[in-house]
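Engineer: Mind having a look at this structure? Questions to follow.
The values are calculated or read from the model by the stated rules, or taken from the named source; none is laboratory data. The model shown is predicted, which means the values in this text are computed figures rather than measured ones. Positions of Cβ are backbone-derived with ideal geometry, glycine not excepted, and every protein chain shown enters the neighbour counts.
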Amino acid sequence: MNTMRNPGKNIKIIVNNLTVSYNDEGPDDAPVIVFIHGFPLNKSMWDAQVEELENNYRVIAYDIRGHGVSDSGSEDFTIDLFVSDLLGLMEALKIDKTVLCGFSMGGYIALNAIENHPRLFDALVLCDTNCTADLPDAKAKRMKAIESIRKSGVEKYADESIHKLFAPESFATMKDEIADVREMIIKTSEESLCNTLHALSVRSETCEKLSGITVPVLIMVGRKDKITPPSVAQLMHEKIRSSGIHIIGHAGHLSNLENPYDFNDQLRKFLESCKF
């Protein structure tokens, strides 16, 4: 393994016998922050955050297997498998400790990772996510989505998803962002969409272990988030003693894209308050 760092965008590396694509920006010796995207998106959702932080931090954003331009592999997707990929990436990049910033599904991965490998993480940023497992109703919706994708294809699913991901007001003001997100979804294969929906439906809850988290935590959520509403973020905040919470105005589920100014401001202040 070449131990020299290879900074830049869309770099390929082999992790768990899988080709993973990642961006790696910022100074060599700076504190590291790893961004984990949500479903069914890819690492480009973090471009505005990478740009914001790359002067002072080593910033890594990667495509989860089956998303963006990372391979899918042949295994059934699970959150545990995604965590194993994250740890494999950290090891391949010689990262001993990092801050994790996880959005939605990325938050499930981050919570699972810190619960099982607490020594690897300096701090945690949880965005528009939650700690509960899928209730029967949510499971049924995911199964229905799988059926719909198999029957009617990815484009229809993308159009339906967009309306849940963005706040109503964003449709008037964020045409480019909405087009970008729709594109991310459409570029995800039918197989990966269905495989990931199944993984999300069977994930374990992490709420019981939240009180054991001792690193600094920032919880952020869009005020109009319908998928993981502020009440869910509040619940996590109450369970994690070392956490702060911030509600992002003018934003639905995609708070980092819908209100990047507020999101980046909170993120930067939080990172500055962490002692690395």
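Engineer: Among the residues of the range 38-65, what is the count of those that are in contact (Cβ under 8 Å) with a residue 24 or more places away in the chain and either touching a Pro at 6+ places or on another chain (Cβ under 9 Å) or surrounded by fewer than 18 Cβ atoms within 10 Å (Cβ to Cβ) (or both)? Give the steps one after another, and end with the answer.
Structural biologist: Kept after step one, since they are in contact (Cβ under 8 Å) with a residue 24 or more places away in the chain, are these residues of the range 38-65: 38-46, 48-50, 52-65.
Those still in the list that are either touching a Pro at 6+ places or on another chain (Cβ under 9 Å) or surrounded by fewer than 18 Cβ atoms within 10 Å (Cβ to Cβ) (or both) too: 48-49, 52, 54-58.
Within the range 38-65, residues that are in contact (Cβ under 8 Å) with a residue 24 or more places away in the chain and either touching a Pro at 6+ places or on another chain (Cβ under 9 Å) or surrounded by fewer than 18 Cβ atoms within 10 Å (Cβ to Cβ) (or both) number 8.
Engineer: If you go through the range 193-211 one residue at a time, do you hit one that is touching a Leu at 6+ places or on another chain (Cβ under 6 Å), among the hydroxyl-bearing types (Ser, Thr, Tyr) and outside any strand (DSSP E or B)?
Structural biologist: yes
Engineer: Can you name the condition, by its number, that Leu124 falls short on among (1) farther than 22 Å from Val181 by Cα; (2) surrounded by fewer than 23 Cβ atoms within 10 Å (Cβ to Cβ)?
Structural biologist: (2)
Engineer: Taking the range 224-248, which residues are in contact (Cβ under 8 Å) with a residue 12 or more places away in the chain and part of a loop (DSSP other than H, G, I, E, B)? Explain how you work it out, then say what you get.
Structural biologist: To start, the set of residues in the range 224-248 that are in contact (Cβ under 8 Å) with a residue 12 or more places away in the chain comprises 224-228, 230, 232-233, 235-237, 239-248.
Scanning the range 224-248 gives Lys224, Asp225, Lys226, Ile227, Thr228, Ile240, Arg241, Ser242.
Engineer: Of the residues Arg150, Arg119, which is under 30 Å from Thr98 (Cβ atoms), loosely packed, with under 15 Cβ neighbours inside 10 Å and at pLDDT 95 or above? Before the answer, list the steps.
Structural biologist: Numbers: Arg150 fails: under 30 Å from Thr98 (Cβ atoms).
None of the others qualify; the one that does is Arg119.
Engineer: Does the range 97-133 hold any residues that are assigned to a strand (DSSP E or B) and charged (D, E, K, R), and which are they?
Structural biologist: The first filter runs over the range 97-133 and keeps only residues assigned to a strand (DSSP E or B), leaving 98-103, 121-127.
Listed by number, the list holds a single entry, Asp122.
Engineer: Further question: Quick check on the range 69-93: of everything there that is in contact with a Ser or Thr (Cβ under 6 Å, 6 or more places away or on another chain) and not β-branched (Val, Ile, Thr), which residue is nearest to Arg119 (Cα to Cα)?
Structural biologist: Initial filter on the range 69-93 (in contact with a Ser or Thr (Cβ under 6 Å, 6 or more places away or on another chain)): 69-72, 77.
Then drop every residue that is not not β-branched (Val, Ile, Thr), which leaves 70-72, 77.
Working: Ser70: 27, Asp71: 28, Ser72: 28, Phe77: 25 Å.
Checked the range 69-93; the qualifying residue nearest to Arg119 (Cα to Cα) is Phe77.
Engineer: Scan the range 134-144 residue by residue and report those that are free of Cβ contacts under 8 Å to residues at least 12 places away in the same chain, in a helix (DSSP H, G or I) and not charged (D, E, K, R).
Structural biologist: First, the residues of the range 134-144 that are free of Cβ contacts under 8 Å to residues at least 12 places away in the same chain: 135-137, 140-141, 144.
Those left that are additionally in a helix (DSSP H, G or I): 136-137, 140-141, 144.
Hits for the range 134-144 are Pro136, Ala140.
Engineer: Can you name every residue in the range 74-96 that is outside any helix (DSSP H, G or I) and either over 17 Å from the mean Cα position of the chain (by Cα) or without any contact (Cβ under 8 Å) to a residue 24 or more places away in the chain (or both)? Reasoning before the result, please.
Structural biologist: First pass over the range 74-96, keeping only residues outside any helix (DSSP H, G or I): 74-78, 93-96.
Once the filter is applied, which keeps residues that are outside any helix (DSSP H, G or I) and either over 17 Å from the mean Cα position of the chain (by Cα) or without any contact (Cβ under 8 Å) to a residue 24 or more places away in the chain (or both), the range 74-96 yields Ser74, Glu75, Asp76, Leu93, Lys94, Ile95, Asp96.
Engineer: Hey, another quick one. Determine whether Asn259 is buried (at least 19 other Cβ atoms within 10 Å of the Cβ), over 25 Å from Pro136 (Cβ atoms) and either without any contact (Cβ under 8 Å) to a residue 24 or more places away in the chain or polar (S, T, N, Q) (or both). Show your work before the answer.
Structural biologist: Working: buried (at least 19 other Cβ atoms within 10 Å of the Cβ): yes; over 25 Å from Pro136 (Cβ atoms): yes; either without any contact (Cβ under 8 Å) to a residue 24 or more places away in the chain or polar (S, T, N, Q) (or both): yes.
In short, yes.
Yes or no, residue by residue, for (1) at pLDDT 95 or above; (2) out of contact with any Gly (no Cβ under 6 Å at 6 or more places or on another chain); (3) over 24 Å from Phe166 (Cβ atoms); (4) buried (at least 17 other Cβ atoms within 10 Å of the Cβ):
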{"site": "Val217", "(1), (2), (3), (4)": "yes, yes, yes, yes"}
{"site": "Ala233", "(1), (2), (3), (4)": "yes, yes, no, yes"}
{"site": "Ile240", "(1), (2), (3), (4)": "yes, yes, yes, yes"}
{"site": "Gly244", "(1), (2), (3), (4)": "yes, yes, yes, no"}
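Engineer: Then there is this: Somewhere in the range 57-73, is a residue aliphatic (A, V, I, L, M), at pLDDT 95 or above, touching a helix residue (DSSP H, G or I) at 6+ places or on another chain (Cβ under 8 Å) and in a loop (DSSP other than H, G, I, E, B)?
Structural biologist: Yes, there is a match, as at least one residue in the range 57-73 is aliphatic (A, V, I, L, M), at pLDDT 95 or above, touching a helix residue (DSSP H, G or I) at 6+ places or on another chain (Cβ under 8 Å) and in a loop (DSSP other than H, G, I, E, B).
Engineer: Where the second residue is surrounded by fewer than 19 Cβ atoms within 10 Å (Cβ to Cβ) and small (Gly, Ala, Ser) and the first is closer than 17 Å to Arg58 by Cα and lies in the range 9-23, which pairs have Cβ atoms under 8 Å and are six or more apart or on separate chains?
Structural biologist: Asn23/Gly8
Engineer: Also, I was wondering about something else. So Pro31 passes all but one of these: (1) crowded, with 18+ Cβ neighbours inside 10 Å; (2) within 27 Å of Ile162 (Cα to Cα); (3) not acidic (Asp, Glu). Which condition number does it fail?
Structural biologist: (2)
Engineer: Does Ala251 satisfy the criteria of being among the small types (Gly, Ala, Ser) and either closer than 20 Å to Ile114 by Cα or in a helix (DSSP H, G or I) (or both)?
Structural biologist: Working: among the small types (Gly, Ala, Ser): yes; either closer than 20 Å to Ile114 by Cα or in a helix (DSSP H, G or I) (or both): no.
For Ala251, the condition - among the small types (Gly, Ala, Ser) and either closer than 20 Å to Ile114 by Cα or in a helix (DSSP H, G or I) (or both) - is not met.
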